[in-house]
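To start, the structure itself, in structure tokens.
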Amino acid sequence: MMPSQKLVFLPDPDIARSCYVSDNAQYKQMYQKSIENPSEFWGEIADNFYWKRPIDFDNFNRFNFDFRKGPIFTKWLDGATTNISYNLLDRNIRNGNGKKIAFFWEGNDPRNSKHITYAELLSEVCRFANVLKSRNVQKGDRVAIYMPMILEAVITMLACTRIGAVHSLVFAGFSADSFAERITDCQARVMVTADATWRGQKLIKLKNICDESMDICQKKGHTVDTCIVVAHMQRSELPTGVSRVQYTAPMLNCRDFWWHEIVPGASANCPPEWMQAEDPLFLLYTSGSTGKPKGVLHTTGGYLLYAATTFKFVFDYKPGDIYWCTADIGWITGHTYVVYGPLANAATSVIYEGTPFYPTNSRYWEIVEKYKVNQFYTAPTAIRTLMKFGEDIVKKNNLTSLRILGSVGEPINPEAWLWYYKNIGREKCSIVDTYWQTETGGHIITPLPGVTAMKPGAASSPFFGVQPILLDDNGKEIEGEGEGYLVFSRPWPGIMRTLFNNHDRYEETYFKKFPGYYFSGDGARRDSDGYLWVTGRVDDMLNVSGHLMSTAEVESVLTEHSSVTEAAVVAKPHPIKGECLYCFITIAENAVFNDQLQTELKQLVRERIGPFAQPDVIHNAPGLPKTRSGKIMRRILRKIAQDDHDIGDISTLADSGIVDVLFKTKPNTQR
Ligand code: WTA
């Protein structure tokens, strides 16, 4: 057992006392009800929302997770009708929140900021919904969105839901090729974008990328007939050190329209389209092991309930709180926890356009202080990067407003957890290490801030309605302590319903490996206290001399060393052991990479995990190949470890130059 499993931090009593769920007995009782009587549990929550046609309690939830018994399906609240934008906007306004601020927008440059109230947001959403209608967008049609972190991105998403169109956001860091692949897959005719955006001092010419992808679509026989463009450059201050920008977005007559020329004149009144609970809400593409992206489809009623409920309980959002999630709107975290969850709770949130490093490396902490943020939600990779700059930089800002800190996207290594807890949370804040996936719609395994005794690195306990199961290689359920495949035998309201236009692939990917279960693709360990530790994708599992271990496990040990800021471990074929560990490490600014450090690291792994886990190679990596959302691309690292230069598509990398650097810096013995 790793020693960190014994490290436990209790929620601060002052914070715990004020939480919606403030003791374990209450959690247990609510959890039990959610499992034993889902219609009563979710039905009470659904009562807070507006249903045009009421819920039929005899038809509350039906599903089949066993392909041997017929097609896989999940339905919640089937037959009820509603509209999400109505619930997020009109309903909140009726409840007296019209003048409440929905979003504080903070631009890349600190001089750019603004805010929007719930009433203003409704007007803008209706105007844009009417514009979409005028471009002949109808219920069920897909709209492709490629936008920076600006308010128009939220307005566009909600305008789609107003009229029953299905939005498909593509993270505005994907290449033109990737965007085109996603547009043609869902056959979107209408695209919404901005001319450009600043990330620090870097200008990203979004409209050029969109033009390129529309050309690619055209060549594949698919036409985008409308492209609506927000003129974001003219209202953005130039970053420090940039004196002038010569960029005008190219606009094509009859296809391309400036937002400011067509939206302000549209009517601010647009009656909502009443949607079936099981009508599609949005598509979001996620990478698949075969390379072709999967269009994960979420539907209306269940997703609304699940986004709203997880947001409320996991972040313990109270009226008056200011919440900030740093995730980009182009990822699932941006969907559920920048847009849908917060708005469903009439929350006030911060949306930030830029990077953590501009104008200085304390920008995140400046924003926390400026808006007096109470809940802060970010990714371990961001924490690890910010750790590199030391603790002094954090001390410059007043972070005492913070109550709850969140982590998402990958297992958080205890080292980063402890740094977050100590330096950002002042040993007072609860940390919620939220485990979930694009497919799950919302958090499924997570601590609750007022209840869970926190173990650094453990996602801990199931959320309401979720029953995690661990299976061994033979598909047998593991009771008690153990490590295995993480699966689920029943749905919660927010789980995906299918892959767009490809139900076969949906069944194949998620339900075929273990009949009767949804397979997450992740491994997890249950410790002797019943805590769940997600160990990472099982495709990142290593088998060294018959010992199964996860790369994340080794990485977390390596980053315990004070000289190491980031680590990524991949398997390298080994003639005797089957596989051996090849470790890429990034060292701290003041650290030195030498034989002594390598010996210390090997020793640390031997100590923490066992002699069998001792790394064979330690590669001093100046950086790691990451997607723009910060995920390390292990596929590329595996190739580098094997000295295989045939690395395939690297268009999703934030910095493709790093690949060459890593080949050049490979330790001599490995060439
Ligand atoms: C990983 C992001 C451990 C996991 C919301 C999952 C995590 C994949 C955690 C989904 C966490 C996410 N602890 N692992 N707290 N959160 N993961 O679809 O491997 O971008 O399957 O959704 O990220 O990534 P996705």
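The values are calculated or read from the model by the stated rules, or taken from the named source; none is laboratory data. These numbers were taken from a predicted model, which means no experiment stands behind them. Because the Cβ atoms are built from the backbone with ideal geometry, glycine has one as well, and the counts that use them run over all protein chains shown.
Residues considered: P447, P468, P462. Of these, the only one that is out of contact with any Gly (no Cβ under 8 Å at 6 or more places or on another chain) and either modelled with pLDDT under 95 or within 12 Å of the ligand (Cβ to nearest atom) (or both) is P447.
Residues in the stretch 183-218 that are under 23 Å from M275 (Cβ atoms) and not β-branched (V, I, T): D185, C186, Q187, A188, R189, M191.
Give the residues of the stretch 602-631 that are in a loop (DSSP other than H, G, I, E, B) and either under 18 Å from I383 (Cα atoms) or touching a Phe, Trp or Tyr at 6+ places or on another chain (Cβ under 8 Å) (or both), sorted by residue number. Those that are in a loop (DSSP other than H, G, I, E, B) and either under 18 Å from I383 (Cα atoms) or touching a Phe, Trp or Tyr at 6+ places or on another chain (Cβ under 8 Å) (or both): P615, D616, A621, P622, G623, L624, P625, R628, S629, G630, K631. Residues that are near the ligand (Cβ under 10 Å from one of its atoms) and not in a strand (DSSP E or B) were ranked within the stretch 497-552; the one that is modelled with the lowest pLDDT is D539.
Applying the criterion of at least 2 residues that are within 21 Å of the chain's Cα centre (by Cα) and of a type outside the set (D, E) to the helices (runs of 4 or more DSSP H) found wholly in the stretch 358-452 leaves 363-371, 380-387, 414-419.
You will find that of A588, A567, the residue that is within 16 Å of the ligand (Cβ to nearest atom) and under 28 Å from K639 (Cβ atoms) is A567 and no other. Of all residues in the stretch 46-76, those satisfying the criterion of being assigned to a loop (DSSP other than H, G, I, E, B), surrounded by 15 or more Cβ atoms within 10 Å (Cβ to Cβ) and either among the basic types (K, R) or in contact with a Pro (Cβ under 8 Å, 6 or more places away or on another chain) (or both) are F60, F65. With a requirement of 3 or more residues that are within 16 Å of the ligand (Cβ to nearest atom), the helices (runs of 4 or more DSSP H) lying completely within the stretch 240-346 that satisfy it span 301-314.
Checking every residue in the stretch 407-422 against the condition of being outside the structural domain of N64 (by TED's automatic domain parsing), more than 12 Å from the ligand (Cβ to nearest atom), in contact with a strand residue (DSSP E or B) (Cβ under 7 Å, 6 or more places away or on another chain) and under 23 Å from A16 (Cα atoms) gives at least one match.
For D90, are the conditions met, namely being in contact with a helix residue (DSSP H, G or I) (Cβ under 9 Å, 6 or more places away or on another chain), modelled with pLDDT of 95 or more and closer than 28 Å to P515 by Cβ? Working first, answer last.
Values: in contact with a helix residue (DSSP H, G or I) (Cβ under 9 Å, 6 or more places away or on another chain): yes; modelled with pLDDT of 95 or more: yes; closer than 28 Å to P515 by Cβ: no.
Against the criterion (in contact with a helix residue (DSSP H, G or I) (Cβ under 9 Å, 6 or more places away or on another chain), modelled with pLDDT of 95 or more and closer than 28 Å to P515 by Cβ), D90 does not qualify.
Touching a strand residue (DSSP E or B) at 6+ places or on another chain (Cβ under 8 Å) and of a type in the set (G, A, S), is that true of A172? Yes.
Please go through the stretch 426-438 and give me each residue that is surrounded by fewer than 21 Cβ atoms within 10 Å (Cβ to Cβ) and either more than 10 Å from the ligand (Cβ to nearest atom) or at pLDDT 95 or above (or both), ordered by number. Matches in the stretch 426-438: R426, E427, K428. With respect to the conditions (1) within 17 Å of the chain's Cα centre (by Cα); (2) under 17 Å from K100 (Cβ atoms), Y303 lacks only one, and its number is (2). Considering the stretch 296-352, the residues that are acidic (D, E) and surrounded by fewer than 23 Cβ atoms within 10 Å (Cβ to Cβ) include one that is nearest to A153 (Cα to Cα), namely D328. Checked against the criterion of being near the ligand (Cβ under 10 Å from one of its atoms), among the small types (G, A, S) and not assigned by TED's automatic domain parsing to the domain that holds T565, the candidates G441, G484, G475 yield just one match: G441.
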